[in-house]
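Here's the structure, in structure tokens; my notes come after.
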Amino acid sequence: MLFRVTPSKSIEPVISDWKLPELELESYIITTTDTSVKILHESIFGEPLLLVNNQVKAANKRNDILALDRNGNAVIIELKRDEGKLGVETQALQYLAYFSAYKGRDFMRNFASDSFTEEAVLSFLGDKGSIDLLNQKPRLILLARYFDDAVFVVGEWLGSKGIAFRCISYQPVQIQRERYLSFSIAYDHAPEGLYPLIFSSSIREPGIFWHNIADNNQEWWDFLKQNGQIPACFHNQRGDQGEKLLRKYREGDKIIAYAKTYGAIGWGIIENPQYDLIKPDQNGNFGDRCRHRLKIKWQSTAATLDKGLRAEDIRRDFNIYHPVSTSVQIRTNEGLSLIAELDKRFQVES
């Protein structure tokens, strides 16, 4: 709920007549990171989700959105224009039962599309990627303006049966000619952690990660090299997904920089993790562009982007798929082999 602060220093809810059709809402929560691969807005869901497809036919009905999480499990998402009341979860459970029947390569074969390909899945999952293990524990997300408490009761029951269940509320607001959408988690019950402790920066071992630098512009790459930084975008606000993502890196992590079209363009080490939300006047000619930054000590880097090691060559020679989100972990042995190749390729140029 959005509140207005009144002159008397009290608050009152902002009431809007703007009604958002479900299909319009659906279009807003899907973003494109590649020419074909689509990711749901991480800032809304609090995690990256790879779109399998929308309006998927299931049991003679159509599920609004079918996605895949970083553990390779199906996420069935149902949207409601207004209230999520008792009964909406029954429909979602029908979809859950339907999609649960497809696991591993059966899931891939039945739901493959131009955007949901084996390459896209393996690129998204990173070091955990396995087509054979897809969809072992599917889960549900409901999205509505508000929810009846009875839905949460069903959520508790689902949790007791080992099924993760989340409700996200949204609020459409129109103020004069400007329109706004706010999202918040109304209910979340996951029997197992969706964010395994092994990825906690304070306890996990250092790893090797792809990191997409967000722009395949030579001046941008030169700026990042000169300042010893890796960037993240999102909303350039403290506490948003950009800051959370960069703060997951720990001392000793090896980062392989990726630029769309050009591939792997260098690598570096996080020696002493220092996060900063830089000011626009600290950002060269790039102003408000991707101001979340983390310090990195570059080791071997391409002098120019066109010297990068292309994604198709990396896939062929190292069995590593390019990233379709900002950051994804790479298996250690393959990652070390790729780093050795980048050293040979870029040492003289760095």
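Here are some notes:
- So S43, is it touching a residue at least 60 places away in the same chain (Cβ under 8 Å), of a type in the set (S, T, Y), out of contact with any strand residue (DSSP E or B) (no Cβ under 9 Å at 6 or more places or on another chain) and within 30 Å of S123 (Cβ to Cβ): no
- Condition check for E78: touching a residue at least 60 places away in the same chain (Cβ under 8 Å) and touching a helix residue (DSSP H, G or I) at 6+ places or on another chain (Cβ under 9 Å): yes
- Screening the candidates A257, A302, A264 for the property of being farther than 28 Å from S43 by Cβ, small (G, A, S) and modelled with pLDDT of 95 or more yields one hit, A302.
- For segment 139-154, the criterion of being under 30 Å from N319 (Cβ atoms) and at pLDDT 90 or above is met by at least one residue.
- Any chance K279 is outside the structural domain of F183 (by TED's automatic domain parsing) and buried (at least 17 other Cβ atoms within 10 Å of the Cβ): no
- Flag if K85 is touching a Lys or Arg at 6+ places or on another chain (Cβ under 8 Å) and among the charged types (D, E, K, R): no
- Any hit, segment 131-141, residues being under 28 Å from S182 (Cα atoms), of a type in the set (K, R) and either surrounded by 16 or more Cβ atoms within 10 Å (Cβ to Cβ) or within 22 Å of the chain's Cα centre (by Cα) (or both): yes
- Checking F111, F124, F116, F99 one by one, the residue that is surrounded by fewer than 20 Cβ atoms within 10 Å (Cβ to Cβ) and in contact with a strand residue (DSSP E or B) (Cβ under 6 Å, 6 or more places away or on another chain) is F111 and no other.
- Qualifying residue in segment 189-206 (condition: touching a Lys or Arg at 6+ places or on another chain (Cβ under 7 Å), at pLDDT 90 or above and outside the structural domain of L140 (by TED's automatic domain parsing)): yes
- Screening segment 316-334 for residues that are in a loop (DSSP other than H, G, I, E, B) and not small (G, A, S) and picking the one that is surrounded by the fewest Cβ atoms within 10 Å (Cβ to Cβ) gives N319.
- Scanning segment 275-300 for residues that are assigned to a helix (DSSP H, G or I) and either closer than 15 Å to R238 by Cβ or free of Cβ contacts under 8 Å to residues at least 24 places away in the same chain (or both) returns P280, D281, Q282.
- Residues of segment 316-350 that are of a type in the set (A, V, I, L, M, F, W, C) and farther than 11 Å from W210 by Cβ: F318, L336, I339, A340, L342, F346, V348.
The values are calculated or read from the model by the stated rules, or taken from the named source; none is laboratory data. Note that the structure is a prediction, hence the values are computed from the model and not measured. Don't worry about glycine lacking a Cβ; one is built from the backbone with ideal geometry, like all the others, and counts go over all protein chains shown.
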